[in-house]
Every structure is written in structure tokens, then in C-alpha cells.
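The values are calculated or read from the model by the stated rules, or taken from the named source; none is laboratory data. Keep in mind it's a predicted model, so treat the numbers as computed, not measured. Cβ: placed from backbone, ideal geometry, glycine included. Neighbour counts: every protein chain shown.
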Amino acid sequence: MKAWLILADGTIFEGTSIGKTGRTTGETVFTTGMTGYLETLTDPSYFGQIVTQTFPLIGNYGVIPQDFESRKCHVRGYVVRELCNEPSNFRCGGILNDFLKTQGIIGICGIDTRALTKKLRESGVMNGMIISGEEKCPDVTDALLKEIKDYKIVQAVESVQSNTVIPPLDGGICTSQPVADCPVKPDNDTNGNVTHHIVLWDFGAKANIQRELEKRGCKVTVVSCGTSADQILALKPDGLMLSNGPGDPADNTQIIEEIRKICDFGKLPVFGICLGHQMLALARGAKTSKLKYGHRGGNHPVKDTATNRVYITSQNHGYAVEADTLPSFATMSFFNVNDNTCEGVRYNDIPAFSVQFHPEACGGPHDTNFLFDEFLSML
């Protein structure tokens, strides 16, 4: 069955339908990860986006629920060069195309994803529409292009929240509300003792953030995006984790105000990742702006400003903190080697720091996993 991807500038890519049939509109982006397509599909940060995989073969190890980063797919559409229908992996629990159908994800394969990626790099991220299940490609009229151009990601953080509370991790050492139903046993030397109590403020958190904390013996309490600063402080945590999430950070004015209250309190150690990093910066008086085509994938180099050491990181973001707007009590701790954008901030007046990249990886390199240990050493 044929399918078409129509970009906001009128460009048409013709391919084959995968997943569910129908029409879907979203912000068309690309990710350079060679592995981790399951983590990409279930990462809440991709909410509202049509995701293009630059790696040409996707689905070769099938569907592995234990690798999910949340309970469901969050992408608006999916674009691949070649979809594998005969996966091979001892953990494989199904075929990716069947998973896309059950998740209601409309996709397209068989197109020149290299040409699409080059266009997005040159022109910048733009909206697109995937159409499948129709006899022919509809005429690209002004009305259709207007519909595509008018699409906007709204209420992103609120949309990826889950109302389902699932049981504590089986065999774990603490009581928590997991972000994803992915049991994991801790691999630390705490002998079953809880080392710290961490509140994970969920703006669309990847499950591996919680896993990394629990591996280190932490009791993790997950709270929703609508939780107030007073409610968090009432839990008397040892530390606060600001999670990743989707959308424009500046849209979350109420959350930013609550983060500001936490900072005004000044005694609770804070670690922010991705969207959490951006909103923490906004709460401290800095500004954010949208990148031309963003950073998405598992091969992005960042440099530590203190040591000049370069780390390879996993990233997924379309916005960045403007380094020249940081207040005097803040220091840029990492920057992107490719485009010099801000990748990390340390705050000198309160026990807080944040990074734009994903130290929890999944999928991606574990180069910066030590940041979780650094966070715990602050407590």
C-alpha cells in the first residue's frame, strides 16, 4: 500500500505504508541513532513529532517491551528507509510493524531518508503530513499546505502524563511508582538499604532515569507535572530530579514558577535533564531558543568546560539554553562541540546543576553516567 510524506514546503516523498493507515500531521525531525529505535518510539520527548530514522535498517531486533522508556509510543508518525519484518534476537517479542499498528502509529518506509535528512538540515525542522490508505496522493493545494503549516505542538508535557499507578519494582529495594513497567534489580552494594529519597518530577520522564537512581539504592517517588513546590518539599526528599519531556520549555509557565520556588528555598539539591535543564534555566532568569534542526541521536560530542574532556552523549531536544543569558551565579559546564550551544549549567548559589543531554543513555553511550553519582554526592 502506497504512502506519502508531504512537507510544509510542498516536497513529496512517496513510499510504502507501515503501521496504521490514515493521515497524521507533526513536526518532522530526524534522529541519528544506529540502535535504540524502541527507546525512541517510547520516549515522551518525541511527542508531536514525525520521527525519521537516519539509520537505514529499522526493526531488525524486533519489539522488546523491557526496553521501553514509557508505557506507549508518543511519536506522531514514523519514517524509515527499510523496515525489517524478520527480526532476530533472543529477547524479541514481536514485529515492529505489528507494534506500530497496535499503537496507532502511521508511518512510511521505502523513501530516501538521506535526502529528507539533508533537506531538514538545510531548511530546518518543518511540519509534515503522512498519508496512507488512499488510492493516490492528494493534490497539494494551498489549503492542504496551510493545514500542515498550522500544526503546533500544544500542552506537550500534560499530554504525556500517565494516570496509571503501577506496582513497585519486583525484587527492588525501595517502594516507588515506576515510570515504565520494566522491572530491574539493583546492581549496587547497598545490601538492600535505601541510601537516599529522591523525588522525580515527571515532565515526560524516560524510565531509565528512575532505573539509574534505583540501581544506586535510592527510593524514588515520582510526582506529576502539576505538583507544587510545597507538595514536593512536604515529602522531605534528599534531592529533586527534573526529568526530560517534550515541547517548548517556555510554554510551561506554571511549572517554571514552581521550580523557582524550589530554588528560592535553596536547600534541596536539584539535578535537571533535557527539558528539566531548560526549565531550571528559565526559572533562574536565562532564556531558551529553538534550534534549526535540533540534536537527536546517540553520537553527539560535548566538552566539559572544567577539564576540556569530550564525552559522546545521547540527545533529543529541539530547544537550547542561551549561554549568554545565564545569570552571574551560573556557569556553563558543558557545550556542544558541533555548534557550541550550551549543554550544561552549574549554579553557584544553590546546590543545583543540569545537562541538556541524557546521562541515562538508553539508547546511547554511557560516557556521562557518572553524573548520577555526582548528584548523589551532593545530597
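Quick grid of which residues meet (1) surrounded by fewer than 17 Cβ atoms within 10 Å (Cβ to Cβ); (2) of a type in the set (A, V, I, L, M):
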| residue | (1), (2) |
| --- | --- |
| Trp4 | no, no |
| Ala8 | no, yes |
| Phe13 | no, no |
| Ile18 | no, yes |
| Thr21 | yes, no |
| Val29 | no, yes |
| Asp43 | no, no |
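Counting only residues that are surrounded by 15 or more Cβ atoms within 10 Å (Cβ to Cβ), of a type in the set (S, T, N, Q) and more than 19 Å from the chain's Cα centre (by Cα), region 356-379 holds 0 of them. Can you report the number of residues in region 1-56 which are over 19 Å from Phe68 (Cα atoms), assigned to a strand (DSSP E or B) and of a type outside the set (Asp, Glu)? Here the count works out to 20.
Please determine, by comparing only the residues of region 124-147 that are part of a helix (DSSP H, G or I) and within 23 Å of Gly318 (Cβ to Cβ), which one is nearest to the chain's Cα centre (by Cα). Among those residues, the one meeting the criterion is Glu147. Scanning region 208-252 for residues that are of a type in the set (Asp, Glu) and over 23 Å from Leu371 (Cβ atoms), which turns out surrounded by the most Cβ atoms within 10 Å (Cβ to Cβ)? In this case the residue turns out to be Asp248. Scanning region 38-71 for residues that are among the aromatic types (Phe, Trp, Tyr) and under 20 Å from the mean Cα position of the chain (by Cα) gives Tyr46, Phe47, Phe55, Phe68. The single condition among (1) exposed (fewer than 15 other Cβ atoms within 10 Å of the Cβ); (2) under 19 Å from Arg121 (Cβ atoms); (3) at pLDDT 95 or above that Asn299 does not meet is (3).
Contact map, region 351-379: first residue more than 19 Å from His317 (Cα to Cα), second residue among the aliphatic types (A, V, I, L, M), Cβ cut-off under 6 Å, separation 6 or more or different chains; pairs are Pro351/Met378; Ala352/Val270. Against the list (1) under 17 Å from the mean Cα position of the chain (by Cα); (2) of a type in the set (D, E, K, R); (3) within 23 Å of Trp201 (Cα to Cα), the condition Lys290 fails is (3). Got at least one residue in region 266-282 being surrounded by fewer than 21 Cβ atoms within 10 Å (Cβ to Cβ) and either in contact with a Phe, Trp or Tyr (Cβ under 8 Å, 6 or more places away or on another chain) or under 20 Å from Gly364 (Cα atoms) (or both)? Scanning region 266-282, I find at least one residue that is surrounded by fewer than 21 Cβ atoms within 10 Å (Cβ to Cβ) and either in contact with a Phe, Trp or Tyr (Cβ under 8 Å, 6 or more places away or on another chain) or under 20 Å from Gly364 (Cα atoms) (or both), so the answer is yes. When the residues of region 308-350 are filtered to those that are hydrophobic (A, V, I, L, M, F, W, C) and not in a strand (DSSP E or B), the one that is surrounded by the most Cβ atoms within 10 Å (Cβ to Cβ) is Leu326. For region 232-281, a residue qualifies if it is in contact (Cβ under 8 Å) with a residue 40 or more places away in the chain and polar (S, T, N, Q), and the qualifying residues are Ser243, Asn244, Asn252, Gln278.
Taken as a whole, region 316-333 holds at least one residue that is farther than 17 Å from Met279 by Cβ and of a type in the set (Val, Ile, Thr). Considering only region 72-92, I want to know if a residue exists there that is assigned to a loop (DSSP other than H, G, I, E, B), within 20 Å of the chain's Cα centre (by Cα) and more than 17 Å from Gly22 (Cβ to Cβ). Yes; the residues of region 72-92 include at least one that is assigned to a loop (DSSP other than H, G, I, E, B), within 20 Å of the chain's Cα centre (by Cα) and more than 17 Å from Gly22 (Cβ to Cβ).
What about Phe353, is it under 20 Å from the mean Cα position of the chain (by Cα), over 15 Å from Val302 (Cα atoms) and assigned to a strand (DSSP E or B)? It is true that Phe353 is under 20 Å from the mean Cα position of the chain (by Cα), over 15 Å from Val302 (Cα atoms) and assigned to a strand (DSSP E or B). Taking the criterion of being surrounded by 14 or more Cβ atoms within 10 Å (Cβ to Cβ) and either at pLDDT below 95 or in contact with a strand residue (DSSP E or B) (Cβ under 6 Å, 6 or more places away or on another chain) (or both), the residues of region 94-115 that qualify are Asn97, Leu100, Lys101, Ile105, Ile106, Gly107, Ile108, Cys109, Gly110, Ile111, Thr113. Among Leu268, Leu275, Leu291, Leu280, which is the only one that is in the same structural domain as Ile232 (by TED's automatic domain parsing), over 23 Å from Pro44 (Cα atoms) and hydrophobic (A, V, I, L, M, F, W, C)? Leu268 is the lone residue from the list that is in the same structural domain as Ile232 (by TED's automatic domain parsing), over 23 Å from Pro44 (Cα atoms) and hydrophobic (A, V, I, L, M, F, W, C).
Taking the conditions (1) exposed (fewer than 14 other Cβ atoms within 10 Å of the Cβ); (2) modelled with pLDDT under 60 in turn, Glu135 satisfies each one other than (2).
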